[in-house]
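J.: Let me begin by handing over the structure; questions about it come next.
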Amino acid sequence: MAAGSKRPVGWTGAAALAILALQGACVPVGEDSIEVTATAYNSHPSQTDDTPNVAAWGDRLQPGMRAIAVSRDLIPLGFVRGARVRIEGFPGGRFVVLDRMHYRWRRRIDIYMGDDIKAAREWGRRRVRVYWFSSWIRNSVNPRKR
């Protein structure tokens with residue numbers, strides 16, 4: 001131990017190396033993108049089921065949340081629950097994946113618009129480009145699968 005110190009000599013260096021190694025596992029390697037069809041949905045039983053505020057992974061949706069649902073074919077690409085994405089052409093474009101769609105949909109996202117049915121109808125159906133950090137998402141969700 002160093003004089004007047006309660007920690008062993010070299011602890012700072014080892015801690016710094018550990019932090020650098022940990023950061024290396026979580027730093028985004030590159031931003032990926034994919035073009036998808038984007039629609040919009042609301043917390044309304046006619047658009048979902050009898051629990052319109054509960055997403056497929058169990059998250060409670062509330063008006064004002066910036067959430068999306070994704071088609072299941074996007075999940076292996078990194079669109080996992082909690083993934084942060086950016087939607088080109090949408091004001092403020094940053095969202096979090098909190099819901100998943102029915103098996104029948106492919107290359108599709110559904111933007112959550114709370115109770116605002118008019119906004120969802122105005123959005124309609126569009127082709128958009130969605131960006132995400134696939135390497136960061138995969139490493140942070142399950143570091144054993146590197």
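Any read-out appearing in this document is the output of simple, stated calculations on the displayed coordinates, not a laboratory observation. Since we're looking at a predicted model, the values are computed, not measured. Cβ atoms come from the backbone with ideal geometry, glycine included; neighbour counts cover every protein chain shown.
J.: Kindly put W57, W105, W123, W132 in sequence by how many other C-beta atoms sit within 10 Å of each C-beta, fewest to most.
T.: In order of increasing Cβ crowding within 10 Å: W57, W123, W105, W132.
J.: Please give, to one decimal in nm, the separation of the simple spin-label points placed at E88 and W123, each 7 Å out from Cα toward the Cβ.
T.: My value for the distance between the label points is 1.8 nm.
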